[in-house]
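The values are calculated or read from the model by the stated rules, or taken from the named source; none is laboratory data. Since the model is a prediction, treat every value here as computed from it, not as a measurement. As a convention, Cβ positions derive from the backbone with ideal geometry for all residues, glycine included, and neighbour counts pool all protein chains shown. Surface areas here come from the heavy atoms of the whole protein model, side chains and all, with no ligands, DNA or RNA. Shrake-Rupley method; radii C 1.70, N 1.55, O 1.52, S 1.80 Å.
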Amino acid sequence: MNRRRFLTTGVGAGVALAGCVSYPSADDGPSSEALLRDAIETRRGLHDLRGRRTLTVETPSETVERTERVVRQPPAKQRLEVLESTDPDAPVGSVTVTNREMTWEYNPEEELVDLQFHGTKVDADRTLRVLEALLEDYRLGYEGTTTIDGRDAHVIETRPPVEETGRRLNLVVGDTTYAIPLSTDDLEDLEVSRTIAIDDEYRYPVRERNEVRDDGEIRYQLTVTYEDLAIDEGVESETFTYQPPADATVVTDGTKPEGIFDSIDEAESAVPYDLPEAVLPDAYLLDRITVVERDEEYGGVTTTLWYNDPNVVARELFIVVREQARFDPDVLEEIEIDGRTAYYRDGRIQSVFWDCDNLSYEVSSLVDGEPIREITASIGCP
């Protein structure tokens, strides 16, 4: 099921963003920075979230609205059920269920289930990263309070850095990436504004509104709002599995794992090599081990050992064993660990790669500052 992401073609290269001069905050009310820090801490410690989420897109020619029941366990698990909709690409009764291993997308009008396997997918917390980017890079202004679903919320207007002219939006309420549909006409006259409402009690975003104005007239508005929000009240484990309707056609994408295991001993029975037992920081626990069989050029039999901190969202690292190397030494930094040559990659994911005998290894982390070199040293050449 291909859900529309409100994309258009012909988006130009520059937009005059609102607030490209100094932007003072209001003198009264809480600090916008403090509110965002609270929201970040809430997200980092979030175990589960439930609520009704309404997304509305308005343009001069049409309005599209969708209301979904949402259940989430960040960073990977999510269940969406469409309750009301005027969006032809997301009819009432549509269901999307995601866990760490697979995603089901059910379209009731087509009676079709798209089952996607992603046993090697890295689950970064997009919402957390957007909140951190707003705090670090955007100019913020406190706009007072409002009432959302009968609850007090603080409104923050955010304005991007002067040099930022992109039109892709990573939402903090919608958990989705959208693109603002702009034509190429008179882009320099357009203004883009973004406001975030943070619930006073939960200290969590409950509404986001993005507007594009041309000479004061709204050309595009996207609003996402939570109602009936419940945080850390618990969800049933079966929430994040799905049984397709008996009359639905199921199509599959991606490589189905050969197995998903809870321990190294169990996983070793399914692979043609020994698995490493690394020394990790105490907070990390083994979450799962996935085994995927691929063509040699894509690594052969590939085993990924996933470790995370159960108390912090998206604090995750993983160790990969492959029959064939999947890294390019020419684009990485050559380093030495305990007399062994390895290769380091810095970026959104920090990694160390090295070969040992007939196997290739990788240690990667989603979090800056984790001791991946020390973890590499503890594995060595098993």
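Summary table
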item: Some residue of the range 101-121 being among the small types (Gly, Ala, Ser) and either assigned by the TED database to the domain that holds Val312 or closer than 30 Å to Glu201 by Cα (or both); result: no
item: Considering residues of the range 101-123 that are under 30 Å from Ile198 (Cβ atoms) and open to solvent by 30 Å² or more (accessible area, probe 1.4 Å) only, the residue modelled with the lowest pLDDT; result: Lys121
item: Candidate set from the range 169-215 (those that are in a loop (DSSP other than H, G, I, E, B), of a type in the set (Asp, Glu) and farther than 16 Å from Glu41 by Cα); member that is modelled with the lowest pLDDT; result: Asp186
item: Selection status of Val64, open to solvent by less than 30 Å² (accessible area, probe 1.4 Å), of a type outside the set (D, E, K, R) and closer than 15 Å to Arg50 by Cβ; result: no
item: Residue within the range 241-255 that is under 30 Å from Asp38 (Cβ atoms) and not aliphatic (A, V, I, L, M) present; result: no
item: Qualifying residue in the range 131-146 (condition: surrounded by fewer than 19 Cβ atoms within 10 Å (Cβ to Cβ) and closer than 18 Å to Gln221 by Cβ); result: yes
item: Residue that is farthest from Val367 (Cα to Cα) [pool: residues in the range 103-145 that are of a type in the set (A, V, I, L, M) and out of contact with any helix residue (DSSP H, G or I) (no Cβ under 8 Å at 6 or more places or on another chain)]; result: Leu112
item: The lone exception for Gly14 - which of (1) modelled with pLDDT of 85 or more; (2) within 18 Å of Pro160 (Cα to Cα); (3) open to solvent by less than 40 Å² (accessible area, probe 1.4 Å) it fails; result: (1)
item: Residue in the range 238-245 that is farther than 30 Å from Thr56 by Cβ, part of a loop (DSSP other than H, G, I, E, B) and touching a Pro at 6+ places or on another chain (Cβ under 9 Å) present; result: no
item: Single unsatisfied condition, Ile264 versus (1) at negative phi; (2) under 24 Å from the mean Cα position of the chain (by Cα); result: (2)
item: Search result, residues across the range 92-143 that are of a type in the set (D, E, K, R) and in a loop (DSSP other than H, G, I, E, B); result: Arg100, Glu101, Glu109, Glu110, Glu111, Lys121, Asp123, Asp125
item: Strands (runs of 3 or more DSSP E) contained in the range 272-361 and holding at least 3 residues surrounded by 15 or more Cβ atoms within 10 Å (Cβ to Cβ); result: 285-293, 301-308, 316-322, 340-345, 350-356
item: Given (1) in contact with a helix residue (DSSP H, G or I) (Cβ under 6 Å, 6 or more places away or on another chain); (2) hydrophobic (A, V, I, L, M, F, W, C); (3) open to solvent by less than 10 Å² (accessible area, probe 1.4 Å), index of the condition Val71 fails; result: (3)
item: Residue count, the range 125-145 (criterion: among the hydroxyl-bearing types (Ser, Thr, Tyr) and free of Cβ contacts under 8 Å to residues at least 60 places away in the same chain); result: 1
item: Of all residues in the range 37-55 being open to solvent by less than 20 Å² (accessible area, probe 1.4 Å) and touching a strand residue (DSSP E or B) at 6+ places or on another chain (Cβ under 7 Å), the one that is nearest to Ala314 (Cα to Cα); result: Leu46
